[in-house]
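Data block below; observations after.
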Amino acid sequence: MTTPLDRALDSLTERVSSLRTARTAYPDQAGETLDAALAELDTALELLAEARKQLRQAPKQGAKSGAQRELKLLRQVFRVFPVPVFVLDGGAVIRRINAETSRVLGSPDGYLVGRSFPLLVETSRRAAFRSHLTSVLQTGQSATFETRLSHQGRAHTVQLVLTRLTLAGEPQPLVAAVALPTELQIQGYGAAVPAAARPDAALLMAAARRQELLAETARILLDEESLRRPVALARAARLLAADWADWVIADVVRDGVARRTTVLAPKDEPVGELARQVERADPLAGPLVAQVMDQATGVLHEMVDDEAVFGAHAGGPLLTAMGAVSVMCVPIGPGEGALTLVRTHNRAPFTLGDLGLMEQVGVQLGLAVRAQRSFQSSSRAADALTASVVPRTIPETPGFEAAAIYHQGASVGAEFYDVFPVSTGWGFALGGAAGKGEEAASVSAMVKGGLRVLSVWEKDPDQVVRRVNEAMVAQGGGMFVMALAGFVNGRRLTLASAGHHPAALVSADGAVRFVSGGGVPLGISPAAETASEELTMASGETLVLYSDGLVSSRNERGEPYGEERLADVLGRHAGRPPATVAKAIEDDRHAFSGGQVWDEIVILAFRPA
């Protein structure tokens, strides 16, 4: 059976171990630690004396009526006492607080009752406080020491006076902790200010900073780059690390598994290896992140009491290695992950107000993560549609050199081009559905496939274009497509146009001629009206096909690029390889329109080898 003396000795052993840890972690506060150690020596002497005497005396019973009168008097004094007073049990749990405590600390009535008092004490002084508390309980002699109490965004430097209370009806002695404030600090606003000073301006600044954080978070999360690439969490983490926390860690759920994606460590400390250990740690190894993800609500440890709450590495708890004083964790959206922020001894602890603010940031991050996934899903669909209308590479074109350039527009477009084999040689096609978006791209993909498939049986591109028109009209989709198709046999080309811009033929001497174009776009009338032309290309000549997006590009004055400017560029690059010609057109259009691309741009050029 464990005796009270055994328990007291075990408790003494734990406190001495805590003092050794405090001496190592806070060498600049050795004086305070020494004072606490001397107090522990006094406690040890008392325990030795008790062990030697082996005294087991029962507490004396006082008169009931006297105890009741005394209790009423103490309650009255306790209620009106003009300084903060805490009543603690032997385990340092808060049993009672008076009205002045609630007012000074800014906590609701009864909020602190049942909580551990050391959570309010600065980390470096906790071991000393526990030693003083035990000494007071053992010896009955009052103790006084200076520390800092932190709660609800305020840090109070106080003289803490501990006195043992023995009350009738209480099986164990209690301790009254009287806090005599010497100054008041409002979190995040520099030096201490007199307690009598009005904090209105500081509170307004705090509110402004919080609104600024939310606005800046929304701005970086709504940026297009944050949607296109997985940078939203990293950007938000850098924003938080700049002014709100020393460590910022983001864990995201992917494929049902929590993965650590972002770790930002303090920049002024050599913590490279520690940061890597935090990155490698399992997010759910500690109860903090697991609780937040499971319950979908934020958790605040205003003053870290259990340093294992965030997991551990080979050297011990991660929070110990990080020098954590205060930590909070909030969910990233509903089920998207968790965001953890850690402050070290260089900052004031987090508050309930900070927790509410970070929960709002977590909601914004969750929306950003979901928006990014949706955007990427749409982007993949758009890429798939683009791949269906634009070949990855140009296949072999016997007897010719060929080159192509494709630029996607501001939205999913509908321009297509294709180069494919036919029975007499090879063929090409270029065009686009009127309109934008997935429906237009799907129609263009259908037309592109139809032109390619029908070219297996037909020897005339005009017949191919007409049969595709019949299929479109029969389906009654309501959309029309401008298209240009051609078959190449040796150096002889046969062209067929359905409402498309004419191709440009560039001679070796720089002369430019636009071949037959026009006709009626596909899908409008059952009786197709096409424009056809046959030509034989001479050595040094180049045929250039282009999309409407090229000639309709506009400059800052609203002027179109046009076919006249295109002809001028082609004339200056006559006789050059197709790739050089296409690149020259691209560069000139880019300079003309200031780099803006609204509609898709397609350039297809080839010349006899």
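The values are calculated or read from the model by the stated rules, or taken from the named source; none is laboratory data. Since this is a predicted model, take the numbers as computed values, not measurements. Ideal geometry is used to build each Cβ from the backbone, glycine not excepted, and the neighbour counts take in all protein chains shown. These area figures cover heavy atoms from the full protein model, side chains too; ligands, DNA and RNA do not enter into them. Shrake-Rupley method; radii C 1.70, N 1.55, O 1.52, S 1.80 Å.
Leaving out ligands, DNA and RNA, what percent of the accessible area of segment 279-364 is carbon and sulfur, probe 1.4 Å?
Details: 1620 of 3180 Å².
Roughly 51 percent of what the probe reaches on segment 279-364 is carbon or sulfur.
Which FRET efficiency value, to the nearest 0.05, is calculated for Thr13 and Gln211 with the Förster distance at 51 angstrom and r the Cβ-Cβ distance? Present the calculation step by step, with values, prior to reporting the outcome.
On the way: r = 51 Å, r/R0 = 0.99.
So, using R0 = 51 Å, E works out to roughly 0.50.
Give me the one-decimal nm value for the distance between modelled label points at Trp457 and Ala584, 7 Å along each residue's Cα-to-Cβ direction.
4.3
Report the local net charge at Val87: Lys and Arg +1, Asp and Glu -1, summed over other residues whose C-beta lies under 9 Å from its C-beta.
Values: positive: Arg95, Arg96; negative: Asp89.
Value of the local net charge: +1.
Using a 1.4 Å probe and ignoring any ligands, DNA or RNA, find the accessible area of Thr123 and quote it in Å² to the nearest 10.
Solvent-accessible area, nearest 10 Å²: 30 Å².
Less than 13 Å Cβ to Cβ from Ala433, Lys/Arg counted +1 and Asp/Glu -1: what total charge do the surrounding residues give?
Working: positive: Lys436, Lys448; negative: Glu415, Glu438, Glu439, Asp548, Asp599, Glu600.
With Lys, Arg at +1 and Asp, Glu at -1, the neighbours total -4.
Whenever you get a sec, line up Ser552, Ser423 from highest to lowest accessible area (probe 1.4 Å, protein heavy atoms).
Details: Ser552 40, Ser423 80 Å².
I get Ser423, Ser552, largest accessible area first.
Could you do me a favour and compute the accessible area per residue for segment 475-587, 1.4 Å probe, result in Å²? If you can, show how the numbers build up before the last one.
Details: 4790 Å² over 113 residues.
It amounts to 42 Å² per residue over segment 475-587.
Using the Kirkwood radius over Cα pairs, work out the Stokes-Einstein diffusion coefficient for segment 235-284 at 37 °C and 0.692 mPa s, in µm²/s as a whole number. Please list the in-between numbers first.
Working: Rh = 11.6 Å.
Rounded to a whole number, D works out at 284 µm²/s.
Take Leu493, Leu233 and sort them by solvent-accessible surface of the protein heavy atoms, 1.4 Å probe, largest at the top. Kindly include the intermediate steps, with their values, before the conclusion.
Details: Leu493 0, Leu233 25 Å².
Largest accessible area first, the list is Leu233, Leu493.
Once both labels are modelled 7 Å past Cα along the beta-carbon direction, what's the Val83-Glu46 spacing in nm?
2.2
Using only the heavy atoms of the protein chains and a 1.4 Å probe, how would Lys436, Lys459 rank by accessible area, largest first?
Details: Lys436 95, Lys459 155 Å².
So the residues, ranked largest to smallest area, are Lys459, Lys436.
Estimate the FRET efficiency between Glu556 and Ser102 by the formula 1/(1 + (r/R0)^6), using the beta-carbon distance for r and 60 Å for R0, to the nearest 0.05.
Details: r = 65 Å, r/R0 = 1.08.
With R0 = 60 Å, the Cβ-Cβ based efficiency is 0.40.
Rg and Dmax of segment 458-502, Cα atoms, in Å?
Considering segment 458-502 through its Cα atoms, Rg and Dmax are 11.9, 38 Å.
Roll a 1.4 Å probe over the protein chains and send me the accessible area per residue for segment 99-154 in Å². Don't skip to the end; give the middle numbers.
Numbers: 2120 Å² over 56 residues.
Normalised by residue count, the accessible surface of segment 99-154 is 38 Å².
Could you compute how much accessible surface Met446 exposes when probed at 1.4 Å, giving the result in Å² to the nearest 10?
For Met446, solvent-accessible area is about 80 Å².
What net charge is computed for the residues neighbouring Gln596, neighbours being all others with C-beta under 11 Å from the C-beta of Gln596, Lys and Arg scored +1, Asp and Glu -1? Don't skip to the end; give the middle numbers.
On the way: positive: Arg554, Arg589; negative: Glu556, Asp599.
Within the 11 Å Cβ shell, the charges total 0.
In percent, how large is the relative contact order of segment 233-320, given Cα pairs closer than 8 Å and 6 or more residues apart? Please report the intermediate quantities before stating the final value.
Values: 105 pairs, mean separation 16.5, N = 88.
Relative contact order of segment 233-320: 19 percent.
In 5 Å bins starting at zero, report the fraction of Cα pairs in segment 385-512 per bin as a rounded %.
2, 10, 21, 23, 21, 13, 7, 3, 0, 0
Find, to one decimal place in angstroms, the Kirkwood hydrodynamic radius of segment 285-332, where the mean of 1/r is taken over every pair of different Cα atoms and then inverted. Intermediate results must be reported in sequence, preceding the final value.
On the way: mean 1/r = 0.0919 Å⁻¹.
For segment 285-332, inverting the mean 1/r across all distinct Cα pairs yields 10.9 Å.
Any idea of Arg572's accessible area? Nearest 10 Å², probe 1.4 Å.
130
Could you check how much of the accessible area of segment 391-472 is carbon and sulfur, as a whole percent, using a 1.4 Å probe? Please report the intermediate quantities before stating the final value.
Numbers: 1870 of 3640 Å².
Carbon-and-sulfur percentage of accessible area, whole number: 52.
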